[in-house]
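Single-structure report; data block below.
The values are calculated or read from the model by the stated rules, or taken from the named source; none is laboratory data. Note that the structure is predicted; figures quoted are calculated from it, not measured. Positions of Cβ are backbone-derived with ideal geometry, glycine not excepted, and every protein chain shown enters the neighbour counts. Please note that ligands, DNA and RNA were not included when accessible areas were found on the heavy atoms of the full protein model with its side chains. Shrake-Rupley method; radii C 1.70, N 1.55, O 1.52, S 1.80 Å.
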Amino acid sequence: CSGFPLSIFFIVINEFCERFSYYGMRAVLTLYFKYFLGWDDNFSTVIYHTFVALCYLTPILGAIIADSWLGKFKTILSLSIVYAIGQTVLSVGSISELSDHNQDGSPDNISLHIALSMIGLILIALGTGGIKPCVSAFGGDQFEDDQEEARSTFFSLFYLSINAGSLISTLVTPNIRAAQCGIHTKQECYPLAFGIPAILMAVSLIVFVSGSKMYKKVKPQGNVMLQVCKCIGFAIKNRFRHRSKQFPKREHWLDWASEKYDKRLIDQIKMVLKVLFLYIPLPMFWALFDQQGSRWTLQATVMNGDFGLQVQPDQMQIVNPILIVIMVPVVDYVVYPLIKKCKINFTPLRKMTVGMFLASMAFVAAALVQVQIDKTYPVFPAADQTQIRLMNLGDLPATVQFQPQLQRMDVEPKTATNYMIFKTSELQSLSIASGAQNQSYSFVALQGGKRYTFAFKHSGIVIVPNLMLDNVTSKPDKGNNLIRFINNYGFPVNVSLDDKDFVVLPPLSAGNYSIIPGGNRQYIIKSRTSISSCTTLAKKFGFGSAYTISIDDCTRGILNITYFEDIAPNSVHMAWQIPQYFLLTCGEVVFSVTGLEFSYSQAPSNMKSVLQAGWLLTVAVGNIIVLIVAGASKLSKQWAEYVLFASLLFAVCIIFAIMATFYTYVDPNEIEAQFDEEEKEDKKNQDHHEKESEADSKM
């Protein structure tokens, strides 16, 4: 079809579905750990990066199975089945009704859900990692040797399908996750968020099998990685056996393998090891890069996602693939030519050094954003402290004195003070002066570590007080808001929100906090008393706020209310994450693309897979670094951890720059031509010696 083998269209569609499945599942994974399984930020990060590390360790296993045993087709087929089963198990494990026997919306046996989730993720890691090195190579096998141009076009289509799958899934899946679903109670729809990737993986498998009769299936021809490992192992073992001084030293430790392996293979491995030595510092880059799906997603959960449309925290990851599409041509056709015109020798290793520096600066930017976020967090009392806020619901100003002579506050009508912190043991009573009235109130059984609101109102005759426990111990998560109502009428009132009965309140009493979703939605607040019914349109509550709303009075059917901000909404906008994504993406473009190009340019043609395995291994080790730091870190502030990672990468960047100065670039084609020439010469000499031997024998 148009010069292409028809079979490659099945492979491209298969890859799109598989990448949609993987990135869609991975986009919501951290929030699933945090909100559904109930793990804290650090443990969620540890498990996320353990999973990603496993996904980048298993490709080595997949390549060995494909090249040495099953072949690419059977490897892709069998591991895709494992993959699809894993996605299905993960989706089933996220169904709360599986163990929600009391139908309260929360799993009663969380261990069951954790077990299913972990089994699912292990199967997914085996599947996605195992087929990773096989699919593109299998697609390349479909072309004949004279179809170089068509093969090149296929790889462009192949990588386009990868980016399209990841881009669309990262956009769609978080919205599915944020939707409400459930049999008994409505909650975030993780079963569907994982279920759709599972369906796409099943579709991917069906599409791949459908083209079975059209595929060109190359038989396994042995894996060069095993050969390289055996050669290195033999050299080490042989050197250890001959460690005595009576054996002469050899030019290179690999030369100890010459008794068993030919000189050409040994020299090729030497070239590969030179490149792999440069890989040693690289995992630190990936340690920062892959935190887009963990720490940066968690950072977005406490930010304002109002872009006109509500953007989910896990959707911010889409900034990276969008910027990749923009930055790759800009860097290739604008930045690099400008640098060349300035006569700067911007070698591949220098490009990679700049990429590492940009990634470290991305984490400095993330730390600066985190500092601003931290400023918006409410301060809660310690165990031996109590916080009290004064709320004047009357029409007259008041002066409040905390006893014994602790603090004096003036409170204007229909206003509230900020929360004030006192030692619980020292706070005994307060006195209120308003109008001609002066009244005292004694605190009985105040609890340490708690927040209280002391509401009062001058009724014309007496000052009516009410001490309310504010049962909020942290900022609302998931971008949700908390609201409660307080009755400022002189008689009971029934409050409803969007025509749903909310609470019935006696005079000067408050209801409990209730959760409402964050965003731009405005609710209709309605109050009903024995003599009137009034409505009003509520303000936009934003994300992560808590409000006490006073039901004051009614004017011609319009409800008059007063908002008291208990916890400020998320005020730092998600758009402030874009600079850190931009810096990290620029770093990726000059580091990752250049790194692969450099690796392939410095290795013999039959050793490309060894370098690909080494490259994937650096990604795995990078994720292992994150889980070690996240698991062992004693830093109490998230911005400090960002600075730590930025500092580590900057230090590694300097080390890599020094290593790069000692590297000598080679041309593998020239060296391979030299190998060919030497082999021809050796063969020629061998033939000459054989002829001489024959001549001697005849004589």
Within the set of pairs 6 or more residues apart or between chains, which connect a residue that is open to solvent by 50 Å² or more (accessible area, probe 1.4 Å) inside the stretch 383-399 to a residue that is charged (D, E, K, R) with Cβ atoms less than 6 Å apart? PRO397/GLU412
Residue pairs, Cβ under 6 Å, 6 or more apart or interchain, first in the stretch 614-635 and free of Cβ contacts under 8 Å to residues at least 40 places away in the same chain and assigned by the TED database to the domain that holds GLY595, second crowded, with 20+ Cβ neighbours inside 10 Å and part of a helix (DSSP H, G or I). List them. LEU635/GLU641
Whether any residue in the stretch 365-385 is at negative phi and in a strand (DSSP E or B) is what I want to check. yes
From the list VAL275, VAL328, exactly one residue is more than 30 Å from TYR32 (Cβ to Cβ), in contact (Cβ under 8 Å) with a residue 40 or more places away in the chain and open to solvent by less than 20 Å² (accessible area, probe 1.4 Å). Which is it? VAL275
Mind telling me which of the residues LYS249, LYS237, LYS230, LYS216 ends up being among the basic types (Lys, Arg) and under 30 Å from ASN14 (Cβ atoms)? LYS216
Considering every residue within the stretch 429-439, establish whether at least one is assigned to a loop (DSSP other than H, G, I, E, B) and at pLDDT below 85. yes
May I ask you to verify whether THR301 is open to solvent by 10 Å² or more (accessible area, probe 1.4 Å), hydroxyl-bearing (Ser, Thr, Tyr) and touching a residue at least 12 places away in the same chain (Cβ under 8 Å)? yes
Answer yes or no: is there a residue in the stretch 426-448 that is open to solvent by less than 70 Å² (accessible area, probe 1.4 Å) and in contact with a Gly (Cβ under 6 Å, 6 or more places away or on another chain). no
Can you tell me which of PHE564, PHE543, PHE485, PHE502 is crowded, with 18+ Cβ neighbours inside 10 Å and within 26 Å of the chain's Cα centre (by Cα)? PHE543
Please indicate, with yes or no, whether at least one residue in the stretch 97-110 is assigned by the TED database to the domain that holds ILE196, within 27 Å of ARG295 (Cβ to Cβ) and either of a type outside the set (A, V, I, L, M, F, W, C) or open to solvent by less than 50 Å² (accessible area, probe 1.4 Å) (or both). yes
Does the stretch 526-553 hold any residues that are among the basic types (Lys, Arg) and assigned to a strand (DSSP E or B), and which are they? LYS526, ARG528
So which of VAL334, VAL364 is in the same structural domain as VAL302 (by the TED database), among the aliphatic types (A, V, I, L, M) and either closer than 16 Å to PRO283 by Cα or touching a residue at least 12 places away in the same chain (Cβ under 8 Å) (or both)? VAL364
Filter the stretch 607-653 for residues that are open to solvent by less than 20 Å² (accessible area, probe 1.4 Å), farther than 30 Å from GLN227 by Cα and at pLDDT below 85 and give the result. ALA630
Considering the stretch 235-257 alone, what residues qualify as being buried (at least 17 other Cβ atoms within 10 Å of the Cβ) and of a type in the set (Gly, Ala, Ser)? ALA235, ALA257
Of (1) open to solvent by 60 Å² or more (accessible area, probe 1.4 Å); (2) farther than 22 Å from LEU57 by Cα, TYR159 fails just (2)
Considering only the stretch 567-588, state which residues are open to solvent by 10 Å² or more (accessible area, probe 1.4 Å), β-branched (Val, Ile, Thr) and within 19 Å of the chain's Cα centre (by Cα). ILE578
Does any residue in the stretch 219-241 that is outside any helix (DSSP H, G or I) come within less than 8 Å, Cβ to Cβ, of a residue that is surrounded by fewer than 12 Cβ atoms within 10 Å (Cβ to Cβ) six or more places away or on a different chain, and which pairs are these? PRO220/TRP69
Checked ASP267, ASP255, ASP314, ASP290 against criteria (within 30 Å of LYS540 (Cα to Cα) and not aliphatic (A, V, I, L, M)); the one match is ASP314
Here is a list of conditions, (1) within 20 Å of MET391 (Cβ to Cβ); (2) modelled with pLDDT of 85 or more; (3) in contact with a Phe, Trp or Tyr (Cβ under 9 Å, 6 or more places away or on another chain); (4) of a type outside the set (Phe, Trp, Tyr), and VAL503 meets all of them except one; can you say which number that is? (2)
The stretch 504-519 - residue that is of a type in the set (Gly, Ala, Ser) and outside any strand (DSSP E or B) and, of those, farthest from ASN494 (Cα to Cα): GLY518
Among the candidates ASN494, ASN466, single out the residue that is part of a strand (DSSP E or B) and over 30 Å from ALA382 (Cβ atoms). ASN494
Is it the case, given these coordinates, that ASP67 is among the acidic types (Asp, Glu), in the same structural domain as ALA178 (by the TED database) and part of a loop (DSSP other than H, G, I, E, B)? no
Residue set VAL28, VAL52, VAL82, VAL92; condition buried (at least 20 other Cβ atoms within 10 Å of the Cβ), in contact (Cβ under 8 Å) with a residue 12 or more places away in the chain and farther than 18 Å from ILE162 by Cα; output residue VAL28
Cβ-Cβ under 9 Å pairs, at least 6 apart or on other chains, the stretch 185-198 side more than 10 Å from THR88 (Cα to Cα), far side in a helix (DSSP H, G or I) and basic (Lys, Arg): GLU188/ARG177; CYS189/ARG177; TYR190/ARG177; LEU192/ARG177; ALA193/ARG177
Are there any pairs with C-beta distances below 8 angstrom linking a residue in the stretch 111-136 that is polar (S, T, N, Q) and buried (at least 19 other Cβ atoms within 10 Å of the Cβ) to a residue that is at pLDDT below 95 and not in a helix (DSSP H, G or I), with the two at least 6 apart or on different chains, and if so which? SER117/LEU37; SER117/SER94
Hey, LYS186 hits all of (1) in contact with a strand residue (DSSP E or B) (Cβ under 6 Å, 6 or more places away or on another chain); (2) open to solvent by less than 20 Å² (accessible area, probe 1.4 Å) but one; which does it fall short on? (2)
Output the residues belonging to the stretch 161-182 that are within 29 Å of ASP100 (Cα to Cα) and of a type outside the set (Ser, Thr, Tyr). VAL172, PRO174, ASN175, ILE176, ARG177, ALA178, ALA179, GLN180, CYS181, GLY182
Evaluate the stretch 512-521: report whether one residue or more is surrounded by 15 or more Cβ atoms within 10 Å (Cβ to Cβ), within 29 Å of ILE432 (Cβ to Cβ) and not charged (D, E, K, R). yes
